[in-house]
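Notes to accompany the following structure.
Throughout, read-outs are computed from the coordinates displayed, never taken from laboratory work. None of these values were measured; they are calculated from a predicted model. Note that each Cβ is placed from the backbone with ideal geometry, even for glycine, and that neighbours are counted across all protein chains shown.
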Amino acid sequence: MLSLEAKPSGANGENRHAMAPAAEPRPRPEDRNSLYCSSEVRILVMDDDDAVGRLIQGALTPQGFVVDAVSDPDAMEAQLKARSYHIVILDYVIPTLASDQILEWIREHQPDASIIVVTAYPSIDSALNCLRARTYDYLTKPFQVGHLQRIVTRCLESKGLLRLSEDALKQALGSAIRERRKALGLTLSQMAQRTDVSLGYLSQIELGKNSASIETLYKISLGLGIKIADLFQTVQPNL
């Protein structure tokens, strides 16, 4: 698994202060670990290290997201004005710019965007400042790309932009019902008697081959001794 490692600004004499071209929208996959996009997802990476921006683009674009990256401090506010974003991934320490100024720009131009902060210089002060700014997460460099991908996925799911597919939801609910029933030591026949749901229908629900109505799920949750909300709470996507 790749990791992002902090590098000194201007290493190897490279010009890293250019706005990376906007990633072309890609077809949204129907299955991303059983999740799908409910709409186009737009992400902005703000990091003065152009290599880091390209690496994050490479990690997130194949997942069907539109990912822009900007490394030139002078172009960052303009990019924030250019289009709306769902997530901003921000390097907390950017030369020539104050962190508070960048956070203010994001609040002004992207009020609905969630902020994921990354930094090679973690400190209690910066962590507290990010907490006050209500950032979604705070990561220190180096970090694993897979970890960032999971954080982005959880963030988008919390915003309702990533959802379980219908088939995945049926399978997850069926598995949760089956595991709970077995933990109680109940057979399918006993569960059918408890819930007044036919044995065949109950079996199809547990196998994820049939959708259950709210009324049926209510009966099942009563038979399992849990609230229907608790039943859905057990359904977690594979992040």
- When ARG107, ARG178 are arranged by how many other beta-carbons sit within 10 Å of their Cβ, fewest first, they go ARG107, ARG178
- Task: Using the Karplus curve 6.51 cos²θ - 1.76 cosθ + 1.60 with θ = phi - 60°, work out ³J(HN,Hα) for each residue of the stretch 72-81 in order, rounded to whole Hz, and write x for Gly and Pro.
- Result: 7, x, 6, 9, 5, 5, 4, 5, 5, 7
- Message: Using the crude model of +1 on Lys and Arg Cβ and -1 on Asp and Glu Cβ, and no other charge, please compute the dipole size for the stretch 171-211 relative to its Cα centre, in debye to 20.
- Response: 100
- Task: Convert each backbone phi in the stretch 108-118 into a coupling constant with the Karplus relation 6.51 cos²θ - 1.76 cosθ + 1.60 (shift: θ = phi - 60°), then list the ³J(HN,Hα) values in order as whole Hz, x for Gly and Pro.
- Result: 6, 9, 10, x, 9, 7, 7, 10, 10, 9, 10
- Item | Amide H partners (placed H, <5 Å) of VAL45, local residues excluded | ASP68, ALA69, VAL70, ILE89
- Likely footprinting exposure, TYR201, TYR121, TYR138, TYR92, fewest C-beta neighbours within 10 Å first: TYR121, TYR201, TYR138, TYR92
- Query: Could you give the distance between the Cα centres of the stretch 106-152 and the stretch 166-205, to the whole Å?
  - Reply: 41
- Qualifying GluC sites (Glu not before Pro) for the stretch 172-239 [loop in DSSP, other Cβ within 10 Å: at most 13]: none
- Query: Which of rounded, prolate, oblate describes the stretch 166-233, given a ≥ b ≥ c as roots of the alpha-carbon gyration tensor eigenvalues and a/c under 1.5 marking rounded, otherwise prolate only if a/b is larger than b/c?
  - Reply: rounded
